[in-house]
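Novice: One structure, pasted below without further comment.
The values are calculated or read from the model by the stated rules, or taken from the named source; none is laboratory data. Because the structure is a prediction, the values reported are computed rather than measured. Note that we place each Cβ from the backbone using ideal geometry, even for glycine, and neighbour counts take in every protein chain shown. Note: accessible area is taken over every heavy atom of the protein model, side chains too, but ligands, DNA and RNA are not part of it. Shrake-Rupley method; radii C 1.70, N 1.55, O 1.52, S 1.80 Å.
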Amino acid sequence: MRILIIGSGGREHALAWKLGQSPEKPEIFIAPGNGGTALEGTNLPIAVLEAGPVLDIVREKKIDLVIPGPELPLVNGVADACRKTKTPCFGPLAAAARLEGSKVFAKEILREAQVPTANFAVFSDFAEAKKYLRALSAPPVIKADGLASGKGVVVSKDMDEALSALRSMLVDRDFGQAGGRVIIEEALKGEELSLLAFCAQGRIIPMPSAQDHKAAHDGDRGPNTGGMGAYSPAPLLPEKDLESLAERVLKPVLALMEKRGSPFSGILYAGLMLTDTGPRVLEFNVRFGDPECQPLLMRLESDLLPILLACAEGRLQDVPAPIWSPETALCVVMAARGYPGLYSKGMDVAGLKEAEALFPGKVKVFQAGTLCRDGQIKAEGGRILGVTALGAGLPEARERAYAALKEIRLPDSFYRSDIGNKGLSHIQS
Ligand code: AMP
Ligand code: GLY
């Protein structure tokens with residue numbers, strides 16, 4: 001079995017690490033990978049965001065399963081190209097990946113499927129958007145329709161900020177095509193929760209709940225990032241409610257996609273806000289979350305390979321329900337100073353082995369924006385690495401992750417010191 005993982009983040013390191021433990025002993029290639037994935041398999045220094053280069057690798061390396069980590073290859077039709085060459089690919093075809101690729105499409109599906117979401121309106125004309133904004137009583141959330149690396153969402157503090165977000169997207173075209181249409185959306189209040197599920201052929205296998213921390217700094221302050229830390233399970237959601245939540249927010253969407261002739265297969269990930277009036281969907285992703293993937297895979301006791309392969313081959317119904325550790329896993333991301341804006345690069349990264357040795361088998365450092373040059377790990381990307389720890393409960397997982405993190409020597413970096421605090425407040429209350 002020869003596997004190709006596409007991507008270069010902490011999520012891809014975690015996927016390579018977990019798949020490397022499979023009794024099938026797969027040979028793993030990662031394109032382009034990072035300093036950490038090089039330890040789990042073979043990095044191929046090729047950016048594979050389009051179908052052409054993916055198919056080249058599939059042919060050359062005789063790949064049996066393609067696993068795109070991020071959304072862009074899926075939105076660009078990598079799964080479609082694999083299907084044409086009869087290569088199993090874990091993830092949706094482009095028509096279904098639109099659930100993430102177009103926020104307007106996702107909102108329309110949510111509305112038609114009658115899944116609770118924030119009220120919204122769609123605009124491509126600045127004057128009309130401005131008029132609508134003037135009639136609102138509270139500052140809204142402005143969202144660019146297309147993919148914008150997590151930067152296309154502005155939760156505005158006041159009407160001025162909302163207006164300048166609209167101008168930046170619709171007039172200045174700061175997000176190019178992605179901002180040609182915008183959503184003006186009611187701002188919701190509540191705590192966020194990530195609900196991910198393996199989905200195919202009408203079967204939904206929810207993963208345990210997870211909570212992400214999108215803002216750059218403590219107390220959810222600062223700009224939004226790809227995610228600065230995550231843990232699973234989230235005490236916010238009682239485990240017994242997981243199945244019914246998946247039934248409520250994922251099932252109608254999957255049924256509608258099927259009815260429209262674009263059945264979904266892969267991971268459907270709902271970013272939820274748990275409001276006073278119940279859960280509402282903020283957005284969909286069509287892949288593992290990063291960093292949610294890292295704590296989730298630390299907790300997965302079953303072999304991941306048969307699940308991904310069955311999903312890719314259209315026989316998810318044959319797969320036994322995966323077993324998850326009852327422990328809590330918590331991940332803290334270390335990012336380069338300046339991230340998510342312009343950030344420092346080229347720093348030496350040290351102390352990774354020491355961090356893992358502190359609690360053997362319970363701590364794993366998943367690398368993200370790193371590369372290995374002459375045996376030395378160097379920081380290259382915004383999110384450099386994440387330390388993930390398992391513990392009997394949230395307090396222990398948190399203590400271990402932060403203790404291990406202190407072993408890492410990484411100049412010009414920062415991390416949030418409050419990952420897990422929200423969860424602790426639910427345990428204590
Ligand atoms: P999204 O990419 O749509 O998940 O948005 C990124 C982040 O913006 C979310 O994780 C929330 O923190 C925030 N957000 C998005 N939509 C809303 C909303 N309607 N109300 C409040 N916050 C939101
Ligand atoms: N952690 C959020 C995401 O992967 O989009």
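Novice: Quick check: net charge around ARG373, other residues with Cβ under 13 Å of its Cβ, Lys/Arg +1 and Asp/Glu -1?
Specialist: Within the 13 Å Cβ shell, the charges total -1.
Novice: Could you put HIS13, HIS217 in order of accessible surface area, largest first, with the 1.4 Å probe and the full protein assembly present?
Specialist: So the residues, ranked largest to smallest area, are HIS217, HIS13.
Novice: Name the lysines eligible as straight-distance cross-link partners of LYS84: C-alpha to C-alpha under 21 Å, and not fewer than 8 places from it in the same chain.
Specialist: Correct list for LYS84: LYS61, LYS62.
Novice: Would you mind pulling out the separation of the Cα centroids of region 62-133 and region 365-398, in Å?
Specialist: Region 62-133 and region 365-398 have Cα centres separated by 29 Å.
Novice: Compute the separation of the alpha-carbon centres of region 199-269 and region 1-31 and state it in Å as a whole number.
Specialist: So the two Cα centres are separated by 22 Å.
Novice: At 1.4 Å probe size, put SER149, SER325, SER302, SER244 in order of accessible surface, largest to smallest.
Specialist: Reading off the accessible areas and sorting them downward yields SER149, SER244, SER302, SER325.
Novice: Which is the longest stretch in the chain that no exposed loop site breaks, taking sites as GluC sites (Glu not before Pro) with a DSSP loop state and at most 14 other Cβ atoms within 10 Å?
Specialist: 51-185
Novice: Under 5 Å between amide H atoms, partner at least 5 residues away or on a different chain: which partners does LEU65 have, H built in plane at 1.01 Å?
Specialist: ARG2, LEU4
Novice: So, one more: Over the chain, with every protein chain in place, what whole percent of the accessible area is carbon and sulfur at 1.4 Å, could you tell me?
Specialist: The C+S portion of the solvent-accessible surface of the chain is 51 percent.
Novice: Now for a separate question. Sequence neighbours fewer than 8 away in the same chain don't count; with that in mind, list the lysines whose C-alpha is under 25 Å from LYS240.
Specialist: LYS189, LYS251, LYS422
Novice: Counting other C-beta atoms within 10 Å, and keeping those with at most 11, which DSSP coil trypsin sites (Lys or Arg not before Pro) do you find in region 1-90?
Specialist: Qualifying residues, ordered by number: LYS62, LYS86.
Novice: When we measure straight from the Cα of LYS406, which aspartates and glutamates land under 18 angstrom away, once same-chain ones fewer than 8 places off are left out?
Specialist: ASP218, ASP348, GLU354, GLU356, GLU396, ASP418
Novice: How much accessible area per residue does the chain have, counting only protein heavy atoms and a probe of 1.4 Å, in square angstrom?
Specialist: In whole numbers, the chain has 41 Å² accessible per residue.
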